[in-house]
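Encoded as structure tokens, the structure appears first; notes follow it.
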Amino acid sequence: MPAPILAPSLLAGDHANLAASAAQVARLGLSWLHLDIMDGHFVPNLTFGPETLAALRRAGSTLFFDTHLMLAEPQRYIEPFAKAGANLISIHIEPDYDHADTLARIRQLGCQAGIVLNPDTPADAVAQLLDRVDLVLVMTVQPGFGGQAFRPAMLPKLRQLAAWRREHGYAWRLEVDGGIDLHNLPDCHQAGADTFVAGTSFFRAPDQAAYAATVKALG
Ligand code: DX5
Ligand code: ZN
């Protein structure tokens, strides 16, 4: 299993000063930043677009931009996000578009490619794509909003994906996103996850350095 990574979600950062929230993550020695992109169609909320990533780069952020597209038509926005500084672009399996082609285009643009499953989507739905991704993201809440409760019913899905990864020797990361905190994070790790998105629990943590150290120690 790859070494554990904590990816704080900027959605729970300070939207009046996102660069400061990103800098706060970097100061702790963390390398990943999770960026939630919502379009008001695939999910009932709006966040920010490629210009925000570009602005974070201009403000000096060298963090690994883990970009989670919650879009009805993600295939239309791959290039602007790649150009704006995304390092990894994850797309959902649920909308109807050419997933394989979009994943290939993400890689052609020099980014890593991820596939995402909503809570109601079974692992089987992504089985055909597992040899062409760098990350599989299992949503542990219904996407759209931060601060929701973690769904323990997603643990068997993680175990299933981790078993396939072992059996086939896949090298992708297995990421969880939604309601992650220091209580359920070890359960997700046990089930096979190695990459942990944390919004609310991280930005509200009284001791973020201790939070980061706990995740690092899982390795
Ligand atoms: C939810 C987003 C998450 C969100 C997680 O739709 O995909 O990345 O920021 O926030 P918490 O950790 O507060 O559930
Ligand atoms: Zn997310």
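The values are calculated or read from the model by the stated rules, or taken from the named source; none is laboratory data. Note that this is a predicted model, so its numbers are computed, not measured. Cβ coordinates were reconstructed from backbone atoms using ideal geometry, including for glycine residues, and neighbour counts include every protein chain displayed.
Looking at Ala82, is it in contact with a Cys (Cβ under 8 Å, 6 or more places away or on another chain) and either assigned to a helix (DSSP H, G or I) or charged (D, E, K, R) (or both)?
yes
Would you be able to say whether some residue in region 62-72 is without any contact (Cβ under 8 Å) to a residue 40 or more places away in the chain, over 24 Å from Tyr170 (Cα atoms), within 14 Å of ligand 1 (Cβ to nearest atom) and touching a strand residue (DSSP E or B) at 6+ places or on another chain (Cβ under 9 Å)?
yes
Step by step: first the residues of region 159-183, then only those that are assigned to a helix (DSSP H, G or I) and under 14 Å from Pro2 (Cβ atoms), then the one that is farthest from the chain's Cα centre (by Cα). Which residue is that?
The qualifying residue farthest from the chain's Cα centre (by Cα) is Arg166.
Show the residue pairs meeting these rules: Cβ distance below 7 Å; 6+ apart or different chains; first residue within region 182-205 and at positive phi; second residue among the acidic types (Asp, Glu) and not in a loop (DSSP other than H, G, I, E, B).
If the second residue must be among the acidic types (Asp, Glu) and not in a loop (DSSP other than H, G, I, E, B), no pairs are left.
Starting from region 94-115, take each residue that is hydroxyl-bearing (Ser, Thr, Tyr) and list its partners that are surrounded by fewer than 23 Cβ atoms within 10 Å (Cβ to Cβ) and in a loop (DSSP other than H, G, I, E, B), counting only C-beta distances under 8 angstrom and pairs at least six apart or across chains.
Tyr97/Glu73
Of the residues that sit in region 62-83 and are surrounded by fewer than 19 Cβ atoms within 10 Å (Cβ to Cβ) and not aromatic (Phe, Trp, Tyr), which one is farthest from Asn118 (Cα to Cα)?
That would be Thr62.
For region 86-96, check the following and say yes or no: at least one residue is more than 22 Å from Phe196 (Cα to Cα) and either at pLDDT 95 or above or in contact with an Asp or Glu (Cβ under 7 Å, 6 or more places away or on another chain) (or both).
Yes.
So, of the residues in region 103-128 that are touching a helix residue (DSSP H, G or I) at 6+ places or on another chain (Cβ under 6 Å) and farther than 29 Å from Gly13 by Cα, which turns out to be nearest to ligand 1 (Cβ to nearest atom)?
Going through the qualifying residues, I end up with Ala123.
Name the single residue that is farthest from Ile115 (Cα to Cα) among those in region 175-184 being crowded, with 22+ Cβ neighbours inside 10 Å and either of a type outside the set (Gly, Ala, Ser) or away from ligand 1 (no atom under 11 Å from the Cβ) (or both).
The selected residue is Ile180.
Name the single residue that is nearest to ligand 1 (Cβ to nearest atom) among those in region 2-27 being part of a loop (DSSP other than H, G, I, E, B) and loosely packed, with under 15 Cβ neighbours inside 10 Å.
Ranking the qualifying residues of region 2-27, first place goes to His15.
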